[in-house]
Amino acid sequence: MFSDNQGKQNENEGRTSGNVDAISLILKQAGRTADEVAALATLDDADRSAEKQFSGEPPTITSLFGTAKAVEFDPGRFSPSPEVASTMAKCIEFLLKRKKAGTLLDHAKMLFHDETISGLATLGFFGLAIPKQYAGSGAKLGDLGPLLRALTFVHPDLAVMFEVHNFLGPVTPILDFGTEAQKTYYLPRMARGELLGSFALTEPGVGADPSKLALTAKREGDKYRITGVKWPITNVIYGGICILVLKIEGEGLAKGRDSGMVIFEVPKSDTPNFRMIRNRLTAFDYLWNARFRMTNYEVSTDKLLGPPGKGLAQAFSSLAKGRGGICVNSAAKIFKLLAQIILDPSQSQAASELTRKNQPGGWTAFRSTFGKPIGDSPRIQTWIGRATCHALASRVLGDVCFRLGANGVRDETMGMIAKVYATKALLQTAINVYQIQGGRSVHLDERRHAVREGGEAAIANAGPLIENYIGEKMHEFTIATVYEGPNPVLADIGAPNAMTRGIRAKFLEPIGMAEVNGKFGLAAKAKFGWFIARTVVGSLNPWTGSLAGVENLFPEKERLIRKALHRNRILGRRVLLIIARYQKSFIDQSFLLGDEGGIFDQLCYSLASLVYAISMDKPHQEYLRIANALDLEADSRMKGKTETPRLQHAWAQVGMDLMNSKSALFSDLISDIEVSDIPLDPRFIDKFI
């Protein structure tokens, strides 16, 4: 079907290069085992290859070790074409209509209703991110953040389905690495919704370390015979299309650098060579998530996506473009959690009578603790304010990731920061809201279970059914910290590797190779020492970085941006001093470079403050309070503190703003979010007894 010439000019790139030999030798000299050398060198090679798919300097790295341009952290503005905007609007209206009618989901199948999927396909939902020449709408990555937020509010699994179909695969990998024949054949069918997409990287025992792939494609002439297991894979449906990341045999590739990416058209049913079993999940439960085994499954070699040996590099490239989606989804879920405890689900007279001052009549207003509403507690105000600050910063971080990806810039560190920061904020908010709601959070969501067992009709004649949005969805809030890279792995391994890769290549590898060859490497060490000295001196300048091109620059905004850029330079200095001190073992210092107080952790809060400050278009008092709270938190983290009385007071002020029905925050962020009944609401307890 397709030409077998794709990537031939680059096929030798998959074989061992001098650069990779240097990395392996240095790792061996540092006392690494053979398995560690193979894994670390493979991942480093994949990362470097992935960077070649992009252009431009990652602004996060520049902000650490050079003169950053603040405008590069601008999230931009939502500006889709009229066609894209119209398609998005029609899709959301269609979904809301079906949700209101109770026909969005097929509870018997635990999937979105067939008519929901077919209706979305007719409206062009599945082709939004596909260029017009392949029958899509041609939406830019930067246009999709608001759509993902809206989908999350309708049903979070819709947002996951859209992300898996477009960002992880197959749309993004085929667009980035496919031949013209592959694009022409697959993309129009995907745009029409005829092929729903999935991406298969994870295997039993293979998640955080994908260098240990076991699914193997053995070349025999113009065929690959694929054998192995993938588990768990989201959206891998019968009759769909799946991007397989696997190991290739028969191409003469070096061990550990033998990965590939194959387009797999999933059969419409099990065969003697393919078997799939749906997983029963406690999150993403209305998506098809499965495990499948392939045994000598025959695929033509023209289904290879990109050159052999580059599967992991291509997978990393796709992951870099997709993490912004996790970020904006997590922010939307935080707002929904906050709405659940602040808004009143009932519009009855009994509810309105309990509305006090300017507070909505929700849980924070009517639940009494020691003679006053729980929302008056400074601790609760602090929790709500912190969640609000983190959610707004997360939303902007996600939009920045989308904009960078749309402009062809791979800022791997930014992607990891966005994902880790937002999902940690979501988990913290879920725990706090769970605690605010108290013992009611463990009550079974009777309505949810009744609907699942008998559909919407099952509740028509039922008595009052208790709902429990928060307690029943804790798995959903938790899983975000795991998929597309567990947070500890990203923070302790992935991000330190990304932050230091350029330094290692330019300075440490020449030093290491000199020592491998029995030399002192004076010239290489002097060069590195001069770089450290320049970075240290640069970090002392509080006016570091350029603000040229930043719009709506008022005094408070300028102050916050300059502070954040200066913090980043200080963090760059700290990274270099850690490298200089620990040398070959610096990458092992996860407690210094990684999460929970390390450099990466501090950088998360500094960048959150930076991007949020840049996004402000006017000095609105309520939003300035958020910007100042984010700045205070970043300063505290730089000093090794997670909280201070001053920071807690700043959070409490934001929390009070959000709980004030007359405030801009309330109106902008949560007032129109749909919420469910609160379990065992004491005002209406009689109807349950």
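Residues considered: Glu412, Glu453. Of these, the only one that is acidic (Asp, Glu) and under 19 Å from Pro486 (Cβ atoms) is Glu412. Which residues, counting only those in the stretch 251-306, are within 17 Å of Thr216 (Cβ to Cβ) and in a loop (DSSP other than H, G, I, E, B)? Selection gives Glu251, Gly252, Leu253, Ala254, Lys255, Gly256, Arg257, Asp258, Asn273, Leu305.
Kindly indicate whether any position in the stretch 225-238 is in contact (Cβ under 8 Å) with a residue 40 or more places away in the chain, small (Gly, Ala, Ser) and either out of contact with any Ser or Thr (no Cβ under 7 Å at 6 or more places or on another chain) or over 14 Å from Phe274 (Cα atoms) (or both). No. Of all residues in the stretch 67-79, one or more are part of a loop (DSSP other than H, G, I, E, B), of a type in the set (Val, Ile, Thr), touching a strand residue (DSSP E or B) at 6+ places or on another chain (Cβ under 7 Å) and at pLDDT below 95. Exactly one condition in (1) without any contact (Cβ under 8 Å) to a residue 60 or more places away in the chain; (2) within 20 Å of Glu674 (Cα to Cα); (3) in a helix (DSSP H, G or I) is false for Leu426; which is it? The one condition Leu426 does not meet is (1). Take the conditions (1) among the aliphatic types (A, V, I, L, M); (2) crowded, with 21+ Cβ neighbours inside 10 Å; (3) in a strand (DSSP E or B); Val236 misses just one of them, which is (3). Scanning for something surrounded by fewer than 19 Cβ atoms within 10 Å (Cβ to Cβ) and either touching a strand residue (DSSP E or B) at 6+ places or on another chain (Cβ under 8 Å) or farther than 30 Å from Ala320 by Cα (or both), does the stretch 394-408 turn up at least one residue? Checked against the condition, which is being surrounded by fewer than 19 Cβ atoms within 10 Å (Cβ to Cβ) and either touching a strand residue (DSSP E or B) at 6+ places or on another chain (Cβ under 8 Å) or farther than 30 Å from Ala320 by Cα (or both), the stretch 394-408 yields no hits at all. Each residue in the stretch 508-524 was checked for being assigned to a helix (DSSP H, G or I) and either in contact with a helix residue (DSSP H, G or I) (Cβ under 6 Å, 6 or more places away or on another chain) or at positive phi (or both), and 8 of them qualify. Of the residues making up the stretch 364-390, just one is among the charged types (D, E, K, R), surrounded by 19 or more Cβ atoms within 10 Å (Cβ to Cβ) and not in a helix (DSSP H, G or I), namely Arg367. Looking across the stretch 429-448 at every residue that is among the aliphatic types (A, V, I, L, M) and surrounded by fewer than 18 Cβ atoms within 10 Å (Cβ to Cβ), the one that is modelled with the highest pLDDT is identified as Ile431. Annotation: Pro131 fulfils all but one of (1) in contact with an Asp or Glu (Cβ under 7 Å, 6 or more places away or on another chain); (2) within 19 Å of Val164 (Cα to Cα); (3) surrounded by fewer than 17 Cβ atoms within 10 Å (Cβ to Cβ); the unmet one is (1).
Quickly run through the stretch 244-289 and pick out the residues that are of a type in the set (Lys, Arg) and modelled with pLDDT under 90. Passing the criteria: Lys255, Arg257. Lys641: farther than 22 Å from Ile61 by Cβ and at pLDDT below 95, yes or no? Here the answer is yes, as Lys641 does meet what is asked. Against the definition (among the charged types (D, E, K, R) and buried (at least 20 other Cβ atoms within 10 Å of the Cβ)), how does Asp143 come out, yes or no? Yes: the conditions hold for Asp143. Among the residues of the stretch 632-686, those that are touching a residue at least 40 places away in the same chain (Cβ under 8 Å), of a type in the set (Gly, Ala, Ser) and buried (at least 16 other Cβ atoms within 10 Å of the Cβ) comprise Ala634, Ala650, Ala652, Gly655, Ser661, Ser663, Ser676.
Residue pairs whose Cβ atoms lie under 7 Å apart, separated by 6 or more positions or on different chains, with the first residue in the stretch 391-410 and in a helix (DSSP H, G or I) and the second among the charged types (D, E, K, R), are Cys401/Arg323; Leu404/Asp411; Gly405/Lys321; Ala406/Lys140. Of all the numbered requirements in (1) closer than 21 Å to His165 by Cβ; (2) surrounded by fewer than 18 Cβ atoms within 10 Å (Cβ to Cβ); (3) modelled with pLDDT of 95 or more, Asn296 misses one, and that requirement is (1). Among the residues making up the stretch 610-632, those that are over 17 Å from Thr644 (Cα atoms) and part of a helix (DSSP H, G or I) are Leu610, Val611, Tyr612, Ala613, Ile614, Ser615, Gln621, Glu622, Tyr623, Leu624.
Using the structure shown, decide if Phe126 is under 22 Å from the mean Cα position of the chain (by Cα) and either over 25 Å from Gly415 (Cβ atoms) or modelled with pLDDT of 95 or more (or both). Judged against the criteria, Phe126 is a match. What's the number of the only condition in (1) surrounded by 24 or more Cβ atoms within 10 Å (Cβ to Cβ); (2) closer than 20 Å to Arg410 by Cα that Ser198 fails to meet? The failed condition is (2). Of the residues making up the stretch 321-347, those that are within 21 Å of the chain's Cα centre (by Cα) and small (Gly, Ala, Ser) are Gly322, Gly324, Gly325, Ser330, Ala331, Ala332. Applying the condition of being touching a residue at least 40 places away in the same chain (Cβ under 8 Å) and part of a helix (DSSP H, G or I) to the stretch 106-121 and asking which residue is surrounded by the fewest Cβ atoms within 10 Å (Cβ to Cβ) yields Ser118.
Of the helices (runs of 4 or more DSSP H) lying entirely inside the stretch 129-180, those containing at least 2 residues that are under 24 Å from Leu244 (Cα atoms) are 156-163, 171-177.
Against the test of being of a type outside the set (Asp, Glu) and either closer than 18 Å to Phe65 by Cβ or outside the structural domain of Met616 (by TED's automatic domain parsing) (or both), the options Phe531, Phe591, Phe520 yield a single qualifying residue, Phe531.
The values are calculated or read from the model by the stated rules, or taken from the named source; none is laboratory data. If you're wondering where the values come from, they're calculated on a predicted model, not measured in any experiment. Quick reminder, even Gly has a Cβ in these numbers, built from the backbone with ideal geometry, and neighbours come from all protein chains shown.
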